[in-house]
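Report on one structure; see the data block that follows.
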Amino acid sequence: MQVNCTRTVIRHDKVGEIIIRKPSPYDKKLVEEFLRRLSQESIYHRFFKLIKDYGEIVDKMLGEDTKVCLLMEKDSKVIGCAEVYKTIWPEVGEPAVAILDDYQGKGLGKLLVFLLAICSYKVGIRRFRAYIFKENLPAIRIASKLSSKIIEDYGDSLLIEMEVERSLDDIMDYIRLHFEILPGERA
Ligand SMILES: CC(C)(COP(=O)(O)OP(=O)(O)OC[C@H]1O[C@@H](n2cnc3c(N)ncnc32)[C@H](O)[C@@H]1OP(=O)(O)O)[C@@H](O)C(=O)NCCC(=O)NCCS
C-alpha cells in the first residue's frame, strides 16, 4: 500500500468518504473557518493557549516553519488538520493535530497522525517530539502507537518522543486493515 501525500481519498466506516490532502495557499480561509469551529478546550489542547489572531496562526500552520501539513476534508469542509513543524534537528519534527469536536472519538485523529507520520517519513523525518497535556488522553494514546517515550515531565504536560521510522510497518498494517483507499488515488 502506498499513500499519496498530495491527495488521498479514504472511506471511513462511520464518516464516509474523506479527503486527505496537502493545502494550497488558497486554503487560508478554509483553515481559519476550521479553527473557529473548534471548541475552546480543543484550541487549548492544540495550541496551549487561546487564539487571539486567527490569521497569524493560519499563516504559521501553512507557512515555511511547517515541514508537512495535511488537511482532512468532508463535504468540502476541513474537519481536521495536522502539521509537522521543523526543529533544530533535520530528522526530528514537532507534530500537531486537531479534529473538529463533532468528529472526535471516531478514529480520525489517529488516522490523520498516522498519515502525517508516513508523509513526514517521505521528507526525511525520523522522529516526532510533541508537548502534550497529561489530561489529553486521546493524544497520549495516539503517541503510544508510535513507539513513544517520555523525554520530560513538566507536571501538567509531557514532552514525548515518537519513533516514526520504527512505527511505519504497524501504521501501514493499521490503515490497510481499517480503511479503504479509493481507486485512482494511490501514489
Ligand atoms: C487529540 C485528537 C486529535 C484525537 O483525535 P480523535 O479523533 O478524537 O481520537 P481517535 O478517535 O483517533 O482516538 C485515538 C485514541 O484515543 C482513544 N480515545 C478517544 N477519545 C478518548 C477519550 N475521551 N478518553 C480516552 N481515550 C480516548 C481512542 O480509543 C484511541 O485509542 P485506541 O487506538 O487505543 O483505541 C482530538 O481529540 C483533538 O483534536 N483534540 C483537540 C486538539 C488536541 O488535543 N490536539 C493534540 C495536541 S497537538
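Read-outs throughout are calculated quantities, based only on the coordinates presented, and are distinct from any laboratory measurement. Treat the numbers as computed from the prediction; the structure is a model and nothing was measured. We place every Cβ from the backbone using ideal geometry, glycine too, and count neighbours over all the protein chains shown.
Looking only at residues of segment 36-74 that are more than 11 Å from the ligand (Cβ to nearest atom), assigned to a helix (DSSP H, G or I) and aliphatic (A, V, I, L, M), we find that the one that is nearest to Phe128 (Cα to Cα) is Met61.
What residue, among those in segment 151-176 that are of a type in the set (A, V, I, L, M, F, W, C) and away from the ligand (no atom under 15 Å from the Cβ), is nearest to Tyr44 (Cα to Cα)? Once the filter is applied, the top-ranked residue is Ile151. Kindly provide the set of residues from segment 140-150 that are within 12 Å of the ligand (Cβ to nearest atom), surrounded by fewer than 17 Cβ atoms within 10 Å (Cβ to Cβ) and in a loop (DSSP other than H, G, I, E, B), ordered by number. Hit for segment 140-150 is Lys145, nothing else.
Residues that are over 14 Å from the mean Cα position of the chain (by Cα), more than 8 Å from the ligand (Cβ to nearest atom), of a type in the set (Asp, Glu) and not in a helix (DSSP H, G or I) are absent from segment 93-109. Looking only at residues in segment 128-139 that are within 8 Å of the ligand (Cβ to nearest atom) and free of Cβ contacts under 8 Å to residues at least 60 places away in the same chain, the one that is surrounded by the fewest Cβ atoms within 10 Å (Cβ to Cβ) is Leu137.
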